[in-house]
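Colleague: Let me begin by handing over the structure; questions about it come next.
Each reported figure results from applying straightforward, stated rules to the coordinates on display, with no laboratory input. It should be emphasised that the depicted structure is a prediction, and the values quoted were computed from it without experimental measurement. As a convention, Cβ positions derive from the backbone with ideal geometry for all residues, glycine included, and neighbour counts pool all protein chains shown.
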4 protein chains.
Amino acid sequence: MIEVLNKMPRLGVAVAGLGRIGRLHAEIIKVWVKDAELVAVVDVIESLAKSVGESFNVKWYTNYDKALQDPRVDAVVIAAPTFLHKDMIVKAAEAGKHVFVEKPLTVTSEEAMEVKQAVEKHRVKLQVGYNRRFDYAYSKAKKDIEEGVIGKPLAYLAVARDPDAPPGWVADPKLSGGIFLDQLSHDFDMARWLMRDEIIEVHVVGGAYIHESVKEKGDLDVVSIVFKFANGAQGFIHGTRKFPYGYELRTEVFGDKGVIYVGTNRDELYARGTKDGLTYFGAPWFVKRFYDAYVNELTSFTKAVLEDKEPECTVIDGLRAVQIAEACWRSVKEGRPARVILNP
Amino acid sequence: MIEVLNKMPRLGVAVAGLGRIGRLHAEIIKVWVKDAELVAVVDVIESLAKSVGESFNVKWYTNYDKALQDPRVDAVVIAAPTFLHKDMIVKAAEAGKHVFVEKPLTVTSEEAMEVKQAVEKHRVKLQVGYNRRFDYAYSKAKKDIEEGVIGKPLAYLAVARDPDAPPGWVADPKLSGGIFLDQLSHDFDMARWLMRDEIIEVHVVGGAYIHESVKEKGDLDVVSIVFKFANGAQGFIHGTRKFPYGYELRTEVFGDKGVIYVGTNRDELYARGTKDGLTYFGAPWFVKRFYDAYVNELTSFTKAVLEDKEPECTVIDGLRAVQIAEACWRSVKEGRPARVILNP
Amino acid sequence: MIEVLNKMPRLGVAVAGLGRIGRLHAEIIKVWVKDAELVAVVDVIESLAKSVGESFNVKWYTNYDKALQDPRVDAVVIAAPTFLHKDMIVKAAEAGKHVFVEKPLTVTSEEAMEVKQAVEKHRVKLQVGYNRRFDYAYSKAKKDIEEGVIGKPLAYLAVARDPDAPPGWVADPKLSGGIFLDQLSHDFDMARWLMRDEIIEVHVVGGAYIHESVKEKGDLDVVSIVFKFANGAQGFIHGTRKFPYGYELRTEVFGDKGVIYVGTNRDELYARGTKDGLTYFGAPWFVKRFYDAYVNELTSFTKAVLEDKEPECTVIDGLRAVQIAEACWRSVKEGRPARVILNP
Amino acid sequence: MIEVLNKMPRLGVAVAGLGRIGRLHAEIIKVWVKDAELVAVVDVIESLAKSVGESFNVKWYTNYDKALQDPRVDAVVIAAPTFLHKDMIVKAAEAGKHVFVEKPLTVTSEEAMEVKQAVEKHRVKLQVGYNRRFDYAYSKAKKDIEEGVIGKPLAYLAVARDPDAPPGWVADPKLSGGIFLDQLSHDFDMARWLMRDEIIEVHVVGGAYIHESVKEKGDLDVVSIVFKFANGAQGFIHGTRKFPYGYELRTEVFGDKGVIYVGTNRDELYARGTKDGLTYFGAPWFVKRFYDAYVNELTSFTKAVLEDKEPECTVIDGLRAVQIAEACWRSVKEGRPARVILNP
């Protein structure tokens, strides 16, 4: 058996979309994912595709369709803008390639349904990049909750404060899904995962108070979302597109026997005391904070494909996050609670 | 002028209702409020009235009406159960006595309106005991916000976790106003005060998950309230009638240039590291946490009466808290956001 | 038996020396120590004695000897400058009065020995005001250590940073004992108490770096003391007469199975985040930090006298602290470790 | 110009000694140091050399001398046991190879002097692996101190607690230098670097209290070191070979205008509150805590060689650490302060 395992071919992976996150995924596959091999990179910008390809010493493409024809490519990591996800996933599925797609899955739930049908039809694996599931601290929360350390979980609370206005195409909610999908769907996924339950209704209070760029495009920059789980538990997420120093990400889960706290608003490792007080600085930005989680999620995806198992964050998980974000937008527009349309 | 000041009579104060908080107020007036004099204590339970009166060496009454006839009594501190507040305040006003009333002002807004009319008609001062306004940390928040340290305040968030189920009459929401009025009206008052704005709409998700005693009486023990301010800012309060160790009270105010954090979930002064990790214990319980605030509020009340000034937490402030709590109950019953009826 | 207890006379206490700490002790006896009665206050400054006496409504003296003749005085609390302690204690003992003396016991060990003989000869109780023994956090450390939570205690470490240069007579080490006795003897007492062992050798590195006033008088303002306990354990105390914001006091005890941490360098209850980082401010100054400890130590002293028991911080404890401080001065002068002369 | 830069040859590096740290260095050179190329690995254990070589796809040697003859090797990273450092460095120098040597430089100062002469004679670069100099938090401390944020630095304090007894050859102080050199020379280097001054005298109190293995070999497991800097400032380091959960590393620098705090005793990112209190767990172990610092130091070394500059942590820095550790051992043996023999 050992020989067989040793001979198991490594998974050939192409990374498509070479922005910050795409390059990060490429680096991680190149360096850290033992059973995967970075075989190609893809970006429509030739200079980018070329320089990244050369720096990793792999084949580079500007044409995604061609990359999908590359026989060495077993799977694609899609890190292109959200509004391109649906087409890219469908094409990959049609080409028989497995897919790891950066969160969120798609911009709309209709797109997500198309994606679902495609991957089911073509029997390829799909994993959505909700990386916090693979972070040690959130994983510890999950484990403690599952083991009953806090009793029955009754409330999920989260604060997520990004440093500043979303850049580029992300600023347009029609392309990115806006604050609810682009930023806060991480928290929806965590809420569902940690509470092991579906969110069924959301109510949002929010506004575009800070950034003109956000307001212009119809997005929001400070939102408070209160929600209900199917089993009666409750949740709250507060998100902002501004934080004065660094980045803030805190989650707590309240149970009838205990409380879990994840995250912090400061870097505990350095402080400076002067006559003005004791000053801490920002906690590490997400690339550093979640580097291990990125490694773990791609390792997990690779394993799921090679061992033919269900990925740990499925197309349904991706769909749910989109559905919840859509409900948030409906709540904003109607000024009242909105049901999450959980279909299927 | 100096002679006049020196001769200024101290304010004669009676404390009515000698439960935990009533005795605390009596102690504080006796010991710490320079310009007030504890002249009487009142409780319907004779043994209690007698023992407290003797321990403070002051006159004691079991009959509130008689106490109000005592010419040495200039003002009463009402620390009786909430459902008695309205009658006691009205009687005090009719007797020409100034009133310091423990929070909340009354159980209902109708009662609060009666109270308002009585104190206005009889031209007595009334201060409501929202003591956090007088706490150094919340005061620092107020000062920083007013000075623009965090820019424009856009969101108020609070977590308030009491150790356990409410005891005695407090357990009955018809007598105490339930979790929204009895426990969380402190946070409504803080929200209005720190944001310097009115709360106009609330939406509640909550349940009675933990305590049978709470469920039986129709109260809730875990609630999440999201709300809107008149100027468009947003708020959130999470309250529970259970906390596994100690007591948790945290507030943050997010502005477009900064964030204020008040409160903690642990006692920073002691930690024990063993193979099981590093363990902190509960932060001080409210009597200790807010002792100085209790002293300050009674000192402020005394000053307001003696100098004929508007108290720092008025009948309108008390009324607002009741109105917001009533809106919370409506939201719970109707399962949707409820407007706060800001009248007058 | 109950009648006897009920009839037990309260302890009549005079406070001698009405500086900040003397007034604090007077207030605490007046207000918080049930079985003691403040019967007199004493200070050589007539205006001070008079105003404090009147504010507490007790007899006031400018002549300590006369106060000792007052038959209502059963015990004296001595809060005069350290260099006066010896004479005042000896006189009190001769007059048959019990003594509570602010730390340190005396300036020199010779004086301490005189004191010891006097209180033994006249069979009066003496308690030294090392109040941290009565603080809840240090008490919790004591309890945890005694219960074996950290295994065998192997090292005591402390950092004590006062805000600024010592004022008035305290600046003169010949009158106050200097930094080792005046400031750090608290830590020597804690070290002995928590480790339940004697300090037998000290080695000091230090200097007068910051304050001219300190240097002129021959005192030091930044010192590091490493020491040995009789049983082989080790200790370290770092003290400064300067701290840029507030006040810092931290202690840790390392054992072979765990570590205890007491104290903090910031006020956890308030923080302000701006573009410059997250700023905390100073922890409460000692009067507030240790108010309860002051109440507890005087309550304990009162009980020791009324019940004829050994006080919790004895003349020997006071003597040891003086002996250790003296050894520190020898170490400084000789530039090498100095034995603590533990006699008797 | 760009062509020239592009043609600049990458530095060919061999890693000799493939224990935990050696493999870490190999990984970092392979993956993260742009201008270096991992060309060979060396270990006397053939199976280890082979497996590491194959996993990195580089040449592997069991014979160090042969590796030094490899013309592709421009520099060696020496991560073998300390007692082998001297010979390995001298040989490398003789072969004209630059040297990056893991801390400490050598076991004795005599060896360090030999090393010094060899690298000077053969004009090769040598950098010692005191990686904390390249950590972002310690670097921030350095920058703040240099910019005067805390005024004049007057005291350096550090606590360093390793999880458990040293394994293998490290347990023998004759081979590793013992606790002072193997564990705490990091802190000596930090003290010299942050205070920008030489340590001239040390006094140690310590013992072998916990581990039989430590006691048997003549090493210590709990030590407290107080020391003097040439300019009169003071220092203190407390080190233990035991910590009940995780790992503790804290440093503070006290100046006349401020205090810097680096490090923590807990992982701030996760806490669990139950009826037993609020529990935090260990901060990341050094490999994770200092991963970036390891990358930075090797990048810096590579740059120093390629650009012919003085490395950031020189043979003199390495020698000083050895000299201080030797003084600590003398202090332990003689029971009194020992001068650090700063020669040259």
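Colleague: What trypsin sites (Lys or Arg not before Pro) in segment B:192-235 are in a loop by DSSP, with at most 14 other Cβ atoms within 10 Å of the Cβ?
Modeller: In loop regions of segment B:192-235 (DSSP not H, G, I, E or B), the sparsely surrounded trypsin sites (Lys or Arg not before Pro) are B:R196.
Colleague: If you average over every viewing direction, what projected area does the convex hull of the Cα atoms of the protein assembly as shown give, in nm²?
Modeller: 56.3 nm²
Colleague: Could you tell me which residue out of D:G258, D:L278, D:G235 lies farthest along the dipole of segment D:169-283 toward its positive end? Charges go on the beta carbon: Lys and Arg +1, Asp and Glu -1, centred on the Cα centre.
Modeller: D:L278
Colleague: Counting each pair of different Cα atoms once, what's the Kirkwood radius of segment B:156-244 in Å, rounded to one decimal?
Modeller: 13.3 Å
Colleague: Listing B:T274, B:T251 from the residue with the fewest other Cβ atoms within 10 Å to the one with the most, what is the order?
Modeller: Neighbour counts put them in this order, fewest first: B:T274, B:T251.
Colleague: If you take the alpha carbon radius of gyration of segment B:96-220 and divide it by 2.2 N^0.38 Å, what ratio comes out, to two decimals?
Modeller: So segment B:96-220 has a normalised radius of gyration of 1.22.
Colleague: Let me ask something else. Once Rh is set to the Kirkwood radius over Cα pairs, what Stokes-Einstein translational diffusion coefficient, in µm²/s, holds for segment D:210-281 at a temperature of 37 °C and a viscosity of 0.692 mPa s?
Modeller: Taking Rh from Cα pairs, D becomes 210 µm²/s.
Colleague: Segment B:73-163: which GluC sites (Glu not before Pro) are DSSP loop and have at most 13 other beta-carbon atoms within 10 angstrom?
Modeller: B:E147
Colleague: Moving to a separate point now. Taking N as the number of residues in chain C, what is its Cα Rg relative to 2.2 N^0.38 Å?
Modeller: Compactness ratio reported: 1.01.
Colleague: Could you state the number of Å between the C-alpha centres of segment C:211-245 and segment B:170-231?
Modeller: 52 Å
Colleague: If you don't mind, another one. Taking 18 Å as the cut-off for C-alpha to C-alpha distance, list the pairs among D:K66/D:K97; A:K30/D:K34; B:K97/B:K309; A:K66/A:K174; D:K34/D:K86 that go past it.
Modeller: A:K66/A:K174; D:K34/D:K86
Colleague: To continue, here is another question. Just the Kirkwood number for segment A:129-193, please: inverse of mean 1/r across all distinct Cα pairs, in Å, one decimal.
Modeller: Kirkwood radius, segment A:129-193: 13.6 Å.
Colleague: Specify whether the C-alpha gyration tensor of segment B:20-78 places it in the rounded, prolate or oblate class, a ≥ b ≥ c being the square roots of the eigenvalues: rounded for a/c under 1.5, otherwise prolate if a/b is larger than b/c and oblate if not.
Modeller: oblate
Colleague: Where does segment B:284-344 land on Rg/Rh, using Cα atoms and the Kirkwood Rh?
Modeller: 1.17
Colleague: Can you pull the three principal axis extents for the Cα set of segment B:1-138, in Å, largest first?
Modeller: 43, 41, 37
Colleague: Enter the mean projected area of the convex hull around the alpha-carbon atoms of segment B:78-141, in nm², rounded to one decimal.
Modeller: 4.6 nm²
Colleague: Taking square-rooted eigenvalues a ≥ b ≥ c of the alpha carbon gyration tensor, is segment D:204-248 rounded, prolate or oblate, where a/c under 1.5 means rounded and, failing that, a/b exceeding b/c means prolate?
Modeller: Note, shape of segment D:204-248 comes out oblate.
Colleague: Quick one: plug the Kirkwood hydrodynamic radius of segment C:187-344 (C-alpha pairs) into Stokes-Einstein at 25 °C, 0.890 mPa s, and report D in µm²/s.
Modeller: Diffusion coefficient, whole number: 134 µm²/s.
Colleague: Please build a GNM for chain B, connecting alpha carbons under 10 Å apart, and tell me which residue among B:D182, B:D256, B:D70 fluctuates the most.
Modeller: Maximum among the listed residues: B:D256.
Colleague: Whose amide H sits under 5 Å from the amide H of B:K97, counting only residues 5 or more places off or on another chain, with H placed in the peptide plane?
Modeller: Answer set, sorted by chain and number: none.
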